[in-house]
1. For the structure I just gave you, tell me whether residue 43 is at pLDDT 85 or above and in a strand (DSSP E or B).
2. Name the single residue that is farthest from residue 42 (Cα to Cα) among those in the stretch 53-75 being among the polar types (S, T, N, Q) and open to solvent by 90 Å² or more (accessible area, probe 1.4 Å).
3. Has the stretch 48-62 got any residue that is acidic (Asp, Glu), modelled with pLDDT of 90 or more and out of contact with any Pro (no Cβ under 6 Å at 6 or more places or on another chain)?
4. Tell me which of these residue 95 doesn't satisfy, since it passes every other one: (1) at pLDDT below 90; (2) open to solvent by 70 Å² or more (accessible area, probe 1.4 Å).
5. Please indicate, with yes or no, whether at least one residue in the stretch 5-20 is open to solvent by 100 Å² or more (accessible area, probe 1.4 Å), out of contact with any Pro (no Cβ under 9 Å at 6 or more places or on another chain), without any contact (Cβ under 8 Å) to a residue 24 or more places away in the chain and charged (D, E, K, R).
Amino acid sequence: MTNWVDILTVGIILSILVGIVFAIITVSGKVQEAVKSTQASLNDKGVNLSASGMSVKTDKNISREDYLDATQRGIINTMKAASFGAPDNQRSLADIDKHRRSAPSSPDALPTAKKRSIFGKKQQK
């Protein structure tokens with residue numbers, strides 16, 4: 001036999017489940033509206049999003065020379081930002097811009113390499 005408490009419990013559980021389903025449907029609808037409005041605003045700005053990819057509409061034409069200049073500037077900026085090797089072996093930024101390596105002023109200015117074993121201990125001679 002069912003009790004009035006059992007019927008009340010089933011009613012509460014069903015109303016909670018219906019509320020959760022309603023919240024999920026409402027949130028997914030709002031997200032879809034936001035995606036559509038964002039896609040429409042991007043289309044107005046010249047960016048076309050589709051299932052196959054993205055395309056950007058530009059009004060200016062870039063000449064080959066401008067393209068190469070921009071590419072070279074990017075490479076030089078990358079070389080300036082990167083650090084290769086130990087600090088003793090790195091060239092200054094001015095040398096990178098001149099595309100040449102400066103010669104040391106004297107043989108004593110050359111960095112000296114220390115002999116080390118595989119595990120970093122100094123080898124005894």
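1. no
2. My answer is 72.
3. No: zero hits.
4. (2)
5. Within the stretch 5-20 (the criterion being open to solvent by 100 Å² or more (accessible area, probe 1.4 Å), out of contact with any Pro (no Cβ under 9 Å at 6 or more places or on another chain), without any contact (Cβ under 8 Å) to a residue 24 or more places away in the chain and charged (D, E, K, R)), the answer is no, since none of the residues qualifies.
Table: residues versus (1) in contact with a Ser or Thr (Cβ under 6 Å, 6 or more places away or on another chain); (2) at pLDDT 95 or above; (3) of a type in the set (Phe, Trp, Tyr); (4) part of a helix (DSSP H, G or I).
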| position | (1), (2), (3), (4) |
| --- | --- |
| 1 | no, no, no, no |
| 7 | no, no, no, yes |
| 12 | no, yes, no, yes |
| 16 | no, yes, no, yes |
| 22 | no, yes, yes, yes |
| 30 | no, yes, no, yes |
| 37 | no, no, no, yes |
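The values are calculated or read from the model by the stated rules, or taken from the named source; none is laboratory data. Quick caveat: nothing in here was measured; it's all calculated off a predicted structure. Cβ coordinates were reconstructed from backbone atoms using ideal geometry, including for glycine residues, and neighbour counts include every protein chain displayed. Accessible surface is based on the protein model in full, side chains and every heavy atom, while ligands, DNA and RNA are left aside. Shrake-Rupley method; radii C 1.70, N 1.55, O 1.52, S 1.80 Å.
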